[in-house]
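A.B. asks: Dropping the structure in here first, questions after.
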Amino acid sequence: MSTVIEAPAGEHEGEHDDHPTDRKYVEVAIVLGIVTALEVATYFVEMPGAVLIPMLMLMMVFKFFYVAAWFMHLRFDSPMFTKFFVTGLVLATIVYATMLTVFEFWHKG
Amino acid sequence: MADTSAVSHGHGTGTGLSNNKLLMWVFLGSECLLFGGLISTYLIYRSRFADGPAPGDIFDIPFTSVSSFVLLMSSLTMVLALSALQRGDIRNNRVWLLTTAMLGSLFIGGQVYEFTTFMREGLGYSTSPFSSAFFTLTGFHGVHVSLGIVMLMSLLVSSLRGTLTKERSETVEIVGLYWHFVDVVWIFIFTVIYLVPSPTT
């Protein structure tokens, strides 16, 4: 026997129903398209690596979290989902940053 | 007080959240570790191309940019499919599900073309540590996209049979989560593998 939180059909406690409109989704896609175009543009422009790589990383991280927030609904859903996903992401980052350090990737490239 | 056995069949759960959705998020968290491993391995081996072609010599950035854009837009059509079903608009749900599957297939077609071109240029799976790491990483991603297409087609068949209704929109949402994850992984791969300047011969 345990306590169970009852929720209406197709809906659960902590999950919100105020998802964006189709228009908002299209706006999000346009922003993502523009950022992708900017990313691709860097390929055709001569730029020092010290500027180019951080710029590409910033745009990549923005796109990653923008898709997760809007299309995957993390912005609207329960924070519990975000916690599970971010835990995997942080764990992967720590494990593989360590691995790359061990293999001297940061020095050798 | 209610018995927990009701949880798996009913809508009430111990956390107040959908168990299926929670499971998908846990799975996606674990997938970060899988792709993290493959990407790190690629980064370590990308300079070890032996006598074969180097990454900077063979990558076709304009072509890959178009496939990346196609996959990105498939995320939009996926979310529109979910939105349509949540409104009870079955017809548009089917249209967007089919569009998403077609965009996914276009991406896979592009990947097959890219792999074939690389093979013709002398880059086989076992040519060098770089080629093995590259084909394993992008191949694994391609398999994920292909599985996503199978799931989308199953949803479409389900819809045509009349079993995919507004009340079951969570199924589309869960497949959508998987599809968007495959997209965000490609966002990462596209930048780190293709756009960050690669070694040349």
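The values are calculated or read from the model by the stated rules, or taken from the named source; none is laboratory data. Note that the coordinates shown come from a computational prediction; the quantities given were computed from them, not determined experimentally. Quick reminder, even Gly has a Cβ in these numbers, built from the backbone with ideal geometry, and neighbours come from all protein chains shown.
A.B. asks: Which of (1) outside any loop (DSSP other than H, G, I, E, B); (2) more than 7 Å from every other protein chain (Cβ to nearest Cβ); (3) in contact (Cβ under 8 Å) with a residue 12 or more places away in the chain does B:P62 not meet, given it meets every other one?
C.D. replies: (3)
A.B. asks: Can I ask one more? Would you mind stating whether B:L152 is more than 14 Å from every other protein chain (Cβ to nearest Cβ), closer than 24 Å to B:L34 by Cβ, crowded, with 22+ Cβ neighbours inside 10 Å and touching a helix residue (DSSP H, G or I) at 6+ places or on another chain (Cβ under 6 Å)?
C.D. replies: Yes, satisfied.
A.B. asks: Could I ask something else about it? Does segment B:113-123 hold any residues that are part of a helix (DSSP H, G or I) and either more than 19 Å from the chain's Cα centre (by Cα) or of a type in the set (S, T, Y) (or both), and which are they?
C.D. replies: B:Y113, B:T116, B:T117, B:F118, B:M119, B:R120 - these are the residues of segment B:113-123 that are part of a helix (DSSP H, G or I) and either more than 19 Å from the chain's Cα centre (by Cα) or of a type in the set (S, T, Y) (or both).
A.B. asks: Oh, and also: Being facing chain B (nearest Cβ under 8 Å) and part of a helix (DSSP H, G or I) is the filter here; which residues of segment A:71-85 pass it?
C.D. replies: A:F71, A:M80, A:F81, A:F84, A:F85
A.B. asks: Another one. Return the only residue of A:M59, A:M99 being buried (at least 17 other Cβ atoms within 10 Å of the Cβ), within 8 Å of chain B (Cβ to nearest Cβ) and part of a helix (DSSP H, G or I).
C.D. replies: A:M59
Yes/no per residue for (1) assigned to a helix (DSSP H, G or I); (2) of a type in the set (G, A, S):
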{"site": "B:Q111", "(1), (2)": "yes, no"}
{"site": "B:Y125", "(1), (2)": "no, no"}
{"site": "B:S131", "(1), (2)": "yes, yes"}
{"site": "B:H144", "(1), (2)": "yes, no"}
{"site": "B:V150", "(1), (2)": "yes, no"}
{"site": "B:G162", "(1), (2)": "no, yes"}
{"site": "B:R168", "(1), (2)": "yes, no"}
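A.B. asks: Do we have any residue at all in segment B:134-142 that's over 25 Å from B:I61 (Cβ atoms), more than 12 Å from chain A (Cβ to nearest Cβ), out of contact with any Cys (no Cβ under 8 Å at 6 or more places or on another chain) and free of Cβ contacts under 8 Å to residues at least 60 places away in the same chain?
C.D. replies: For segment B:134-142, residues over 25 Å from B:I61 (Cβ atoms), more than 12 Å from chain A (Cβ to nearest Cβ), out of contact with any Cys (no Cβ under 8 Å at 6 or more places or on another chain) and free of Cβ contacts under 8 Å to residues at least 60 places away in the same chain: absent.
A.B. asks: Between B:M24, B:M73, which is at the interface with chain A (Cβ under 10 Å from one of its Cβ atoms), in contact with a Gly (Cβ under 9 Å, 6 or more places away or on another chain) and at pLDDT 95 or above?
C.D. replies: After ruling out the rest, the residue left standing is B:M73.
A.B. asks: For B:R168, indicate whether it is basic (K, R), at pLDDT 95 or above and over 11 Å from the mean Cα position of the chain (by Cα).
C.D. replies: no
A.B. asks: In segment B:76-100, which residues are within 12 Å of another protein chain (Cβ to nearest Cβ) and free of Cβ contacts under 8 Å to residues at least 12 places away in the same chain?
C.D. replies: B:L76, B:S83, B:D89
A.B. asks: Of the conditions (1) at the interface with another protein chain (Cβ under 10 Å from one of its Cβ atoms); (2) surrounded by 16 or more Cβ atoms within 10 Å (Cβ to Cβ); (3) under 30 Å from A:S78 (Cβ atoms); (4) not acidic (D, E), B:L103 clears all except one; give me its number.
C.D. replies: B:L103 satisfies every listed condition except (1).
A.B. asks: Something else about it: Name every residue in segment B:45-59 that is within 12 Å of chain A (Cβ to nearest Cβ) and in contact with a helix residue (DSSP H, G or I) (Cβ under 6 Å, 6 or more places away or on another chain), in order of residue number.
C.D. replies: B:Y45, B:R46, B:R48, B:F59
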